[in-house]
Amino acid sequence: MLTKSLDVKGSTLNAKMGTVVKNIRLVPDNTEQIEGKIEGQVIVILTRYVRKQNA
């Protein structure tokens, strides 16, 4: 889940705070970034903007 609203570079998508990120995995060679899908688009997100969703 996103902890802050983010503008996605190269897209008109604005990922709003609270949006669930699916299919998360670490980006190779960079432990501070993850790759995930938001609304069908694959984007790279800094881990400081993501937290685990409450069940």
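The values are calculated or read from the model by the stated rules, or taken from the named source; none is laboratory data. Treat the numbers as computed from the prediction; the structure is a model and nothing was measured. Because the Cβ atoms are built from the backbone with ideal geometry, glycine has one as well, and the counts that use them run over all protein chains shown.
Just for region 1-22: of the residues that are exposed (fewer than 11 other Cβ atoms within 10 Å of the Cβ) and of a type in the set (K, R), which one is modelled with the highest pLDDT? The extreme case among them is K22.
I'm trying to understand the selection: among the residues of region 1-18, which are polar (S, T, N, Q), more than 15 Å from V44 (Cβ to Cβ) and either outside any strand (DSSP E or B) or touching a residue at least 12 places away in the same chain (Cβ under 8 Å) (or both)? Walk me through how you get there before you give the answer.
Taking region 1-18 and keeping what is polar (S, T, N, Q), we get 3, 5, 11-12, 14.
This time we only want the ones that are more than 15 Å from V44 (Cβ to Cβ), so: 3, 5, 12, 14.
Selection gives T3, S5, T12.
Restricting the first member to region 20-40 and to residues that are more than 20 Å from K9 (Cβ to Cβ), and the second to residues that are in a loop (DSSP other than H, G, I, E, B) and β-branched (V, I, T), no beta-carbon pair is closer than 7 Å while six or more apart or on different chains.
Looking at this structure, is V27 surrounded by 11 or more Cβ atoms within 10 Å (Cβ to Cβ), over 9 Å from the mean Cα position of the chain (by Cα) and of a type in the set (A, V, I, L, M, F, W, C)?
Working: surrounded by 11 or more Cβ atoms within 10 Å (Cβ to Cβ): yes; over 9 Å from the mean Cα position of the chain (by Cα): yes; of a type in the set (A, V, I, L, M, F, W, C): yes.
Yes: the conditions hold for V27.
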